[in-house]
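Worksheet for the structure shown next.
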Amino acid sequence: MDELLSRSWDLLVGRAEGPLHLRLVIQPMMAAFLAIRAGARDAGEGRSPFGWAVLVGRGKRTDLLREAWHDVAALFLAAFVIDALYQVIEFRWVYVVQSLVVAALLALPTYLLVRGPTHRVLRRWSRMKRG
């Protein structure tokens, strides 16, 4: 088990170098762009901040998570395909679970961390602008 975890960790960390390593910067930037767009939409529609609404809005949680998935699904799929391509080039094999982990790590945390603060900043800016 230790050997499996060690090998998996080495394969994940090794992605920072070699072919297609620029994706490790571009994909989180795209996730941030999508989150900013969604946060602006939330602020414009007068919704609660995303993270808070997911935590406390029981009736809306499923809809909010479905909407978030709709926002990042294409990015997640692109991250998965690019990582699988990287694996074919580098390892001559595709480790599906590792591609899913990498895709999730590149797309989801950035989106979740940027959407709520974007909403708060734009809402506050809108209030200050109105006077």
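The values are calculated or read from the model by the stated rules, or taken from the named source; none is laboratory data. What you see is a predicted model; the values in this text were computed from it and never measured. Using ideal geometry, Cβ is built from the backbone for each residue, glycine included, and neighbour counts are taken over all protein chains shown.
Figures for the structure shown
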read-out: The stretch 86-104 residues that are of a type in the set (F, W, Y), paired with ones that are loosely packed, with under 13 Cβ neighbours inside 10 Å (beta carbon under 7 Å, 6 or more apart); value: Y86/P19
read-out: Test set (1) under 21 Å from I26 (Cα atoms); (2) surrounded by 14 or more Cβ atoms within 10 Å (Cβ to Cβ) - P109 fails condition number; value: (2)
read-out: Extreme residue, modelled with the highest pLDDT, among residues of the stretch 37-81 that are over 30 Å from R123 (Cα atoms), touching a Ser or Thr at 6+ places or on another chain (Cβ under 9 Å) and aliphatic (A, V, I, L, M); value: V81
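Results for (1) assigned to a helix (DSSP H, G or I); (2) more than 15 Å from the chain's Cα centre (by Cα); (3) of a type in the set (A, V, I, L, M, F, W, C); (4) surrounded by 16 or more Cβ atoms within 10 Å (Cβ to Cβ), shown as yes or no for each residue.
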{"site": "G59", "(1), (2), (3), (4)": "no, yes, no, no"}
{"site": "E67", "(1), (2), (3), (4)": "yes, no, no, no"}
{"site": "D83", "(1), (2), (3), (4)": "yes, no, no, yes"}
{"site": "W93", "(1), (2), (3), (4)": "no, yes, yes, no"}
{"site": "V97", "(1), (2), (3), (4)": "yes, yes, yes, no"}
{"site": "A104", "(1), (2), (3), (4)": "yes, no, yes, no"}
{"site": "R123", "(1), (2), (3), (4)": "yes, yes, no, yes"}
